[in-house]
1. With respect to the numbered conditions (1) closer than 23 Å to Lys11 by Cβ; (2) within 24 Å of the chain's Cα centre (by Cα); (3) part of a helix (DSSP H, G or I), which one is the sole condition not fulfilled by Glu119?
2. Output the qualifying pairs, or none if there are none: Cβ atoms under 6 angstrom, residues six or more apart or on different chains, first residue in segment 21-42 and more than 16 Å from Ser100 (Cβ to Cβ), second residue at pLDDT below 95 and among the small types (Gly, Ala, Ser).
3. Only one of these is closer than 18 Å to Ala212 by Cα and touching a residue at least 24 places away in the same chain (Cβ under 8 Å): Ala67, Ala13. Name it.
4. Which of the residues spanning segment 6-40 are in a helix (DSSP H, G or I), among the hydrophobic types (A, V, I, L, M, F, W, C) and surrounded by fewer than 19 Cβ atoms within 10 Å (Cβ to Cβ)?
5. Mind checking which residues of segment 41-90 are under 20 Å from the mean Cα position of the chain (by Cα) and either among the hydroxyl-bearing types (Ser, Thr, Tyr) or not in a helix (DSSP H, G or I) (or both)?
Amino acid sequence: MRKTLRKQTRKIARAGQALCEAYDAETLHGLRVAIRRIRSLLKGHGKRRTRRFRRTWGGFAHVTNRARDWDVFVERVQEQFDAPTAERFRAASREPVEASRRAVLEMLRSKHWKAHLEEWTAHLERRSAQAPKTPSPDSGARSSSQLKSTLAKVDAAMALALQGDDDDAWHRLRIAVKEARYQAEREHGGDTEPDPREVIKTCKRLQAALGAWHDCVVQLKLLGELEQMSPEAARLARDLRPAILQLRSQHLAEAREQLAAQSVFGHPSSRREQQRG
């Protein structure tokens with residue numbers, strides 16, 4: 001865990017420096033992934049300082065949300081619509097896109113960011129110096145237990161998503177699947193069933209479908225913002241909305257198919273719900 005925390009921290013520091021020099025959508029994505037992985041590792045640790053670090057990392061990640069949302073939307077429009085539509089979109093979205101990126105850069109250049117990174121790095125160094133040279137003999141069993149607990153949370157989230165079939169329920173499933181993948185990647189032994197490698201493969205497939213679905217959900221909200229900006233932006237939003245709605249339905253159908261086909265998650269009752277869906 002300590003090694004992974006240090007590795008992710010180095011990624012964050014490098015990404016932050018690179019973004020300050022030149023904004024890049026993929027670099028921001030890498031920064032966000034590293035923060036998510038740190039927060040996942042810190043989850044469930046009860047110490048006050050650990051909880052504070054996790055909240056602070058979450059606050060920084062929150063600042064990046066809009067920039068990432070707009071980055072993905074700009075890329076999707078460029079890929080899936082004709083050049084004139086893409087140009088209309090770039091012109092209509094320029095103000096919110098630039099504002100969201102400025103917010104990220106202001107955060108990365110702030111005293112708060114620098115002080116947190118320094119405090120966090122010093123904390124990791126102290127923990128490394130105090131840590132035992134050899135791992136605990138029960139570390140494998142503990143990791144196995146944590147994975148089983150995480151899989152149970154996915155089972156519960158999956159049942160709710162299939163039964164309730166609303167955006168909030170599917171979003172909670174998406175987050176649960178992401179957490180299961182992170183936990184499976186940390187698995188180092190034990191008699192865990194199913195195989196962590198199978199968990200990772202299943203999660204990656206589900207993450208692709210659920211992530212694309214969630215992008216559409218977010219983009220429909222962003223279209224609502226565009227509608228309020230100008231008559232031209234409102235016309236553009238009306239032109240784009242049918243295609244985004246169709247993509248949302250397609251990606252959700254794909255996620256449903258993958259849930260029905262996989263064998264890692266779900267109780268028997270959940271599988272019956274899948275067949276009905």
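The values are calculated or read from the model by the stated rules, or taken from the named source; none is laboratory data. Here the structure is a predicted model, which is why all the values come from computation and not from measurement. Positions of Cβ are generated from backbone atoms using ideal geometry, with glycine treated the same way; all protein chains shown enter the neighbour counts.
1. Here Glu119 clears every test but (2).
2. Within 6 Å, no pair qualifies.
3. Residue meeting the stated conditions: Ala67.
4. Answer for segment 6-40, where residues must be in a helix (DSSP H, G or I), among the hydrophobic types (A, V, I, L, M, F, W, C) and surrounded by fewer than 19 Cβ atoms within 10 Å (Cβ to Cβ): Ala13, Ala18, Cys20, Ala25, Val33.
5. Lys43, Gly44, Thr56, Thr64
Residue by residue, here is whether (1) more than 17 Å from Asp71 (Cα to Cα); (2) among the β-branched types (Val, Ile, Thr) holds:
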residue	(1), (2)
Arg2	yes, no
Arg6	yes, no
Thr9	yes, yes
Ile12	yes, yes
Leu19	no, no
Leu28	no, no
Val33	no, yes
Ile38	yes, yes
Lys43	yes, no
